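Bear in mind that the values in this text are calculations on the coordinates, not laboratory data. Quantities reported herein were computed from a predicted structural model and do not represent experimental measurements. Here the Cβ positions follow ideal geometry from the backbone for every residue, glycine too, while neighbour counts run over all protein chains shown.
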Amino acid sequence: MKTVHYLALLGFLLFACDEKSKISENWQTKKLEKVGSIDGDSVSVILEWPELGGTQYSDSINFAIRKKLASYISFEDSIGTLEEETEKFVQSYYDFKKDFPESSEEWLVKVEVSKTFDSLGIISLQFAAESYTGGAHGNYSVDYLNIDKARGEVLSNISFILDEERLVELSEKAFRAYWEIQPDSSLQDAGFWVSDGFFLPKSIGFEAKNLILYYNNYEIAPYSAGPTVFKIPYSELEGVISFD
């Protein structure tokens with residue numbers, strides 16, 4: 001098992017090994033854009049993501065990326081292919097306009113996927129999404145998809161967290177620093193939704209030297225507060241997270 005300590009001590013050697021293994025790999029940027037209009041109002045789906053080739057598990061990894069992308073434009077629990085969901089999303093807008101011809105709202109889903117980490121057998125992908133399908137305001141979110149490169153499997157957060165209690169402690173400390181809240185002050189009194197105690201965000205990703213923790217809108221605070229994002233250096237996470 002490669003621990004964070006191992007990462008810190010042997011990062012250069014691991015980087016060199018990774019670079020050697022990447023010779024046969026190739027990443028290509030893919031785009032899907034669908035724009036429609038009715039009665040002068042438009043519906044748009046704009047997607048951009050990296051796709052991997054040249055490895056044993058490229059198909060599995062690319063399937064996971066496309067499946068997550070499709071979830072942003074699907075209104076159903078059962079998700080089809082990216083192309084199918086795009087067509088259904090556009091058709092849903094047409095149906096909406098037929099039912100409410102007086103409405104001038106326009107629908108949009110835009111997702112940009114970027115690779116933030118590709119080392120130690122893990123790929124971390126950031127999904128930055130912007131959408132509007134009606135309501136008082138649009139939505140913006142950032143999510144991470146972490147993949148075990150050797151198996152082509154999606155990693156749950158719990159799979160790389162060794163000491164959740166300690167990670168929660170470090171996260172709360174970083175959270176308070178971000179919002180400039182003293183250790184002895186109540187987060188709940190400050191307007192944060194932590195009545196059951198502090199908790200980790202759903203969106204956790206990797207980059208070269210840090211673990212990224214991203215609380216999206218409505219996850220821990222009202223929309224007006226906006227998202228909260230901070231980073232914890234791997235040097236502080238020995239025994240807390242692991243790369244298997």
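Using only the Cα atoms of the range 63-199, build the gyration tensor, take square roots of its eigenvalues as a ≥ b ≥ c, and label the shape rounded, prolate or oblate: rounded if a/c is under 1.5, else prolate if a/b is larger than b/c, else oblate. Please list the in-between numbers first.
Numbers: a/c = 2.94, a/b = 1.38, b/c = 2.13.
Oblate, because a/c is 1.5 or more while a/b does not exceed b/c.
Nearest 500 deg cm²/dmol is fine: what mean residue ellipticity at 222 nm does the chain get from its DSSP H runs of n ≥ 4 alone, each adding -39,500 (n - 2.57), divided by its residue count?
Working: 4 runs with 66 residues, N = 244.
The per-residue figure over the chain is -9000 deg cm²/dmol.
Compute a Gaussian network model of the chain, connecting alpha carbons closer than 10 Å, and tell me which residue from 96, 160, 198 fluctuates the most.
96
Suppose each label sits 7 Å from its Cα in the direction of the beta carbon; what would the residue 112-residue 51 distance come out to in nanometres?
2.1
Could you tell me what fraction of 2.2 N^0.38 Å the Cα radius of gyration of the chain comes to, as a two-decimal ratio? Mind dumping the intermediate values first?
Details: Rg = 20.4 Å, N = 244, 2.2 N^0.38 = 17.8 Å.
The value comes to 1.15.
Charges at C-beta only: +1 for Lys and Arg, -1 for Asp and Glu. How large is the resulting dipole of the chain about its Cα centre, in Debye rounded to 20? Don't skip to the answer; put the middle values down first.
Numbers: 22 positive and 40 negative charges, 160 e Å.
Result for the chain is approximately 780 debye, rounded to the nearest 20.
If you build a Gaussian network model of the chain, linking Cα atoms that sit under 10 Å apart, which residue out of 156, 186, 60 swings the most?
Residue with maximal mean-square fluctuation among 156, 186, 60: 186.
Of the beta bridges DSSP finds with both residues in the chain, what % are antiparallel, to the nearest 5? Numbers along the way, then the final one.
Numbers: 49 of 55 bridges.
Of those bridges, close to 90 percent are antiparallel.
Please give, to one decimal in nm, the separation of the simple spin-label points placed at residue 31 and residue 219, each 7 Å out from Cα toward the Cβ.
2.9
Obtain the nm distance between the two label points defined at residue 182 and residue 163 by a simple spin-label model: each point lies 7 Å from its Cα along the Cα-to-C-beta direction.
2.8
Students often get this wrong, so check it: of 88/231; 67/173; 68/88; 34/115; 110/231; 34/149, which have C-alpha atoms separated by over 28 Å? Don't skip to the answer; put the middle values down first.
Numbers: 88/231 38 Å; 67/173 34 Å; 68/88 16 Å; 34/115 24 Å; 110/231 25 Å; 34/149 31 Å.
Over 28 Å Cα-Cα: 88/231; 67/173; 34/149.
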